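Down below is the structure, laid out as structure tokens.
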Amino acid sequence: MDAAQRSLTPVKQEDRLDYTPYPGSVQLARRRAARLAAEWGFVDLAGDVALIVSELAGNALLHGCMPGRYFRVRLVLTATVLRVEVTDPRGERRPRRREAADDEMFGRGLLIVEALAARWGVTPRTVGKTVWAELDLT
């Protein structure tokens, strides 16, 4: 299924919430995402969804947030895909996957997202950007 076909798939469930840019927000977003995935009937994916949200929200917090501006986490469930989106106000700071050295503490987030998701990407916005990841359900 290509991106155009996915965009025509009816939404079964959707959740979005704006978070203030402070470290505790990542944990709140992660917990909410895991709970929603389980409530929507995907207990087996709840851990993966939580980890993806954690990595994308952490990146938004570190690289995409500005004082006084929120970041948004959105989960969308269709018949075939569970999509995670994290939107932040810094469109000029696009994420890039990189190889981290063995002794580095940071730099593996997008590698983790890439390993868990069927697809991921970045959508530019008029203000900011949305980094998204999709988990196939079929």
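What follows draws every value from the coordinates through simple rules; no lab data is involved. This is a predicted model, so every value here is computed, not measured. Note: ideal-geometry Cβ built from the backbone for every residue, glycine included; neighbour counts use all protein chains shown.
Given H placed on each backbone N at 1.01 Å, which residues far from residue 81 in sequence or on other chains put an amide H within less than 5 Å of it?
So residue 81 has HN proximity to 137.
Could you derive backbone 3J(HN,Hα) for region 124-137 from the dihedral phi with the Karplus parameters 6.51, -1.76 and 1.60 (θ = phi - 60°), listing whole Hz in sequence and x where the residue is Gly or Pro?
Whole-Hz 3J(HN,Hα) from phi for region 124-137: x, 10, 4, 10, x, 8, 10, 9, 10, 9, 10, 10, 6, 9.
Could you line up 19, 70 from fewest to most neighbouring Cβ atoms inside 10 Å?
On the way: 19 20, 70 16.
Taking fewest neighbouring Cβ atoms as first place, the list is 70, 19.
Applying the Karplus parametrisation 6.51 cos²θ - 1.76 cosθ + 1.60 with θ = phi - 60° to the phi angles of region 25-40, what ³J(HN,Hα) value in whole Hz is obtained for each residue in order, glycine and proline being reported as x?
5, 5, 5, 4, 5, 4, 5, 4, 4, 4, 5, 5, 4, 5, 4, 7
Compute the distance in nm between two label points, each set 7 Å from the Cα along the Cα-to-Cβ direction, one at residue 136 and one at residue 15.
About 2.5 nm separates the two model spin labels.
Based on other C-beta atoms within 10 Å, arrange 20, 138 from fewest to most.
In increasing order of surrounding Cβ atoms, one gets 138, 20.
Under 5 Å between amide hydrogens, which residues at least 5 positions from residue 90 or on another chain qualify, with H placed 1.01 Å from N in the peptide plane?
129
Tell me the net charge near residue 117. Cut-off is 11 Å between Cβ atoms, residue 117 excluded, with +1 for each Lys or Arg and -1 for each Asp or Glu.
Values: positive: 83, 119; negative: 48, 55, 114, 134, 136.
With Lys, Arg at +1 and Asp, Glu at -1, the neighbours total -3.
For a protection proxy built on the mean count of beta-carbon atoms within 10 angstrom, sort 27-40, 73-86, 48-61, 124-137 highest first, please. List each step's numbers first, then the result.
Values: 27-40: 18.3, 73-86: 19.9, 48-61: 24.4, 124-137: 16.6.
Order by mean packing, descending: 48-61, 73-86, 27-40, 124-137.
Out of residues 5 or more away from residue 117 or on other chains, whose amide H comes under 5 Å of its own, with H placed 1.01 Å from N in the peptide plane?
Here the answer is none, since no amide H 5 or more places off falls under 5 Å of that of residue 117.
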